[in-house]
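The values are calculated or read from the model by the stated rules, or taken from the named source; none is laboratory data. Quick caveat: nothing in here was measured; it's all calculated off a predicted structure. Quick reminder, even Gly has a Cβ in these numbers, built from the backbone with ideal geometry, and neighbours come from all protein chains shown. Heads up: the accessible areas ignore ligands, DNA and RNA and are worked out on the full protein's heavy atoms, side chains in. Shrake-Rupley method; radii C 1.70, N 1.55, O 1.52, S 1.80 Å.
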Amino acid sequence: MPRRRQKNTRALSRNSQGHGLASRFEAMTRALFNLCDVDQSGWIEIDEFVEVCLEYTPDVVEEQIKATFQIVGADDQVIDFDEFGRWVAMMFADCSEDDFIVGMVEFEEATNKARATLFKRKGMPTPS
């Protein structure tokens, strides 16, 4: 059986966690996961994920986001860190390392914007 050619990217590589992120990007991904996990439950709930994704890519529809949620294995309406890592790896699979970093920074900005809405919706005080 022929070997699959590796993509020309250094942002992704199979690691022990199984999510496909190069280890040097795990800290950045963990920080984004923690930002998305507004209530700090250890999980990103579907409403948190949808709100952030809509801020990041306004032209996407909620059903597409929920389908992506399912693809990474989040069948129980929450996403854990490994599932989030798989989502990041899937979304940025064809990016160069520089584009990956730019995309992650843009996702962080979208997350920060969405947090105010999420705090209000959950009845939580907005951190200063």
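Data table
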quantity: Subset of the stretch 68-92 that is over 11 Å from the mean Cα position of the chain (by Cα) and at pLDDT below 85 - its residue that is least open to solvent (accessible area, probe 1.4 Å); calculated: 74
quantity: Failed criterion for residue 50 (all others in (1) in contact with a helix residue (DSSP H, G or I) (Cβ under 8 Å, 6 or more places away or on another chain); (2) at pLDDT below 80; (3) open to solvent by less than 60 Å² (accessible area, probe 1.4 Å) hold); calculated: (2)
quantity: Criterion: of a type outside the set (Phe, Trp, Tyr) and closer than 30 Å to residue 125 by Cβ - qualifying residue of 97, 55, 63; calculated: 55
quantity: Subset of the stretch 94-128 that is hydroxyl-bearing (Ser, Thr, Tyr) and assigned to a loop (DSSP other than H, G, I, E, B) - its residue that is farthest from residue 37 (Cα to Cα); calculated: 96
